[in-house]
Ligand SMILES: Nc1ncnc2c1ncn2[C@@H]1O[C@H](COP(=O)(O)OP(=O)(O)OP(=O)(O)O)[C@@H](O)[C@H]1O
Ligand SMILES: [Mg+2]
């Protein structure tokens, strides 16, 4: 094949070079961020269209100008100038700054030739105003959420405190007032019974029956007020108090409760003791009322600075989607209060249940 004449080859190379240059220019101008090439004194050698619109100047006015003079109107680099830092580190340096009402992210990358010398730098300025505004809005939203969360926590703490205060008050009224009255009725009945002629009259039998019922009422009141005010926690600790509660439930129902506990100190923070007791108490009340369970497993253990309470029953279970929906709650508060008690103490409450598959409740409270 005949060789091309030298002038034709040069023409082809020039055309190729022109094509590359057009491609390069078009790509450079298509970039959304403002990009320019700088020499080592901060002088702008080239810039793209985005740079022109950022500085609101034509490329003719920009090229040859000094970066900080054009950007900030200063005759020296600004504090923390990434160009100055890049000259020392020979690595990408960046800076976020506010110019007028715009937030800019400025980066400078070194251009190093094949002999390892720093020849120029690529300066990219991205307008991050929208991102900054979004960050600010998100931060404000987070602060508001946190504020609301804290307010809700305070509110639920006062509600739970109020509930406990009311329970204590009712327990005292029942135990100290009505209990006293019943005890004195019981004593009076005993006296009357003794004064009756021996031999057993019909009236004597009636009085004996009333005496029996009075004794039962005194017992019931004791039980109710113990449930309302578990004062025994103070003397026995949570584990023994719960054991007593479970024994009582076992005697009154045909539910078998297996209780396992390890590593729980006899006494710990009062609020946490009460929360654990109350949550277990409500879980068992729910089992008695709703579960129709035969077996219940309760575990209370301390693991990795956490108190773990797990209550599992083999009862009828329930549909969580239906029961947990606020619109379907119909005044049910037990589960809600259990959760609040745990959350109040920076803990967690989870419940898993399915119709026919029993219910498993798990509470974690830091200790
Ligand atoms: N262990 C369980 N087994 C079966 N169903 C349960 C169990 N625990 C809760 N439930 C279901 O969840 C519902 C909500 O329980 P929650 O304790 O919140 O309310 P409640 O017991 O109905 O009323 P209260 O406000 O007096 O506690 C119950 O009505 C019951 O249908
Ligand atoms: Mg309940």
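Laid out as a table, the results:
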| quantity | calculated |
| --- | --- |
| Filter result for the condition that a residue is under 50 Å from the mean Cα position of the chain (by Cα) and in a helix (DSSP H, G or I), over 213, 168 | 168 |
| In segment 295-329, the residues that are assigned to a loop (DSSP other than H, G, I, E, B), more than 8 Å from ligand 1 (Cβ to nearest atom) and modelled with pLDDT under 95 | 304, 305, 319, 325 |
| Options 361, 335: the member that is within 13 Å of ligand 2 (Cβ to nearest atom), on the phi < 0 side of the Ramachandran plot and at pLDDT 95 or above | 361 |
| Selection count, segment 289-315, where residues are within 15 Å of ligand 2 (Cβ to nearest atom) and surrounded by fewer than 16 Cβ atoms within 10 Å (Cβ to Cβ) | 2 |
| Entirely in segment 47-149, the strands (runs of 3 or more DSSP E) that have 3 or more residues that are in contact with a strand residue (DSSP E or B) (Cβ under 9 Å, 6 or more places away or on another chain) and over 23 Å from residue 29 (Cβ atoms) | 93-99, 102-112 |
| Selection count, segment 276-288, where residues are within 16 Å of ligand 2 (Cβ to nearest atom) and touching a strand residue (DSSP E or B) at 6+ places or on another chain (Cβ under 9 Å) | 6 |
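The values are calculated or read from the model by the stated rules, or taken from the named source; none is laboratory data. These numbers were taken from a predicted model, which means no experiment stands behind them. Heads up, the Cβs are rebuilt from the backbone with ideal geometry, glycines too, and the neighbour counts pull from every protein chain shown.
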